[in-house]
Amino acid sequence: MERTELDFFKIEKFDELESTNEYAKKCSADGTVIVARSQTKGKGRLGRSWDNNPDEALTFSIFLKPDVSPEVTPMITLVSAMAVRAAVGDMAKIKWPNDVVINGKKVVGILTEMAMEDNRIKYVITGIGVNVNVRTFAPELKDKATSLYIETGKKQDMDKLLSDILEHFKKYYDLFLKTCDMSLLMEEYNSTLVNVNERVRIVAADGFSGIARGIDRMGELVVEKENGELVTVRSGEVSVRGIYGYV
Ligand code: BTN
């Protein structure tokens, strides 16, 4: 294992871990970053798996101990999405709440986990997987997933990408901690939202379609229904689909 520091962050790099999120659960210092060249039991959302070959994806987890109320922690996922999007650049957009997409395909997945102890937050771990130098995806993923290599035709420097993401993360996270909501971030978040002002389908038991109008200060997606009614949709409860496909 190799240890380095970058401002607030204490970075620990491993060749292989089962899952950086799982490993990070043993950490104690705020700002510890666990990076793995490959994961053998990487975790995705909704119980899915997220494995990667060495050096194809940038997979890491940021261990945080914020002094905030637990209800606001889901917004840290949005903060992470903003940080990765900013590091990747203008070709990347955010698909609410926390996927980062390029040309309509997912390039980044984020899994945020939280635990409580004595009514306080024990940790928030935001785990980030960026498809960096993946050259090809399995047929069933080809329409939905992409990588920085596929989109740019260039091999990317993982260390530079990691430090850019962490630098942006710290900037956005500090703004989030000032208000404990997205007030200071929502304008930028909304300016990079892939389906803002477009028709989306809310996939849930009582799903509906409408026009996505962007997030509010709590990070909820505001959707305008056919009758003009504005409905806020909370992340975790639903997923959003464009009318014509993944985005
Ligand atoms: C998703 O399903 O979109 C979320 C994927 C999150 C994957 C990352 S890779 C680094 C971190 N460690 C894990 O085990 N999962 C997250």
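Couple of notes before you dig in:
- Surface composition of region 115-211: carbon plus sulfur atoms contribute 48% of the solvent-accessible area (1.4 Å probe, protein chains only, all chains present).
- Spatial separation of Cα centroids for region 191-207 and region 90-162, in angstrom: 19 Å
- With a Förster radius of 41 Å applied to the beta-carbon distance between Asn227 and Glu18, the computed FRET efficiency rounds to 0.25.
- Working note: 222 nm ellipticity from helices only, DSSP H runs with n ≥ 4, each -39,500 (n - 2.57), summed and divided by the residues of the chain, gives -6500 deg cm²/dmol to the nearest 500.
- Computed lengthening from Leu177 to Phe137, 0.36 nm per intervening residue step minus Cα-Cα distance: 10.6 nm
- At 1.567 mPa s and 4 °C, Stokes D of the chain from Kirkwood alpha-carbon radius, µm² per second: 71 µm²/s
- For Ser38, the accessible surface of its heavy atoms amounts to roughly 10 Å² (probe 1.4 Å, protein chains only, rounded to the nearest 10).
- Local electrostatic count, Gln156, Cβ distance below 13 Å [Lys/Arg +1, Asp/Glu -1]: -2
- Once the 1.4 Å probe is applied to the protein heavy atoms, the chain comes out at 49 Å² accessible per residue.
- At most 16 other Cβ within 10 Å, DSSP loop - trypsin sites (Lys or Arg not before Pro), region 1-88: Lys25, Lys26, Lys41, Arg48
- Magnitude of the charge dipole for the chain, about its Cα centre and with charges confined to Cβ atoms of Lys, Arg (+1) and Asp, Glu (-1), is about 480 debye.
- Taking a Cβ cut-off of under 11 Å around Lys41, the surrounding Lys, Arg, Asp and Glu residues balance to a net charge of -3, with basic ones at +1 and acidic ones at -1.
- Antiparallel DSSP beta bridges within the chain, percent to nearest 5: 85 percent
- Karplus 3J(HN,Hα) series, Hz, for region 154-167 with 6.51 cos²θ - 1.76 cosθ + 1.60 (x for Gly, Pro): 10, 6, 9, 8, 5, 5, 5, 4, 4, 5, 5, 4, 5, 4
- Here the extension length gained between Asn53 and Thr4 equals 15.3 nm, from 0.36 nm per residue of separation less the Cα-Cα distance.
- Within region 95-150, GluC sites (Glu not before Pro) in DSSP loop having at most 16 other beta-carbon neighbours inside 10 Å: Glu140
The values are calculated or read from the model by the stated rules, or taken from the named source; none is laboratory data. Please read all numbers here as calculations on a predicted model, not as lab measurements. Note that each Cβ is placed from the backbone with ideal geometry, even for glycine, and that neighbours are counted across all protein chains shown. SASA here: full protein model, heavy atoms, side chains in, ligands and nucleic acids out. Shrake-Rupley method; radii C 1.70, N 1.55, O 1.52, S 1.80 Å.
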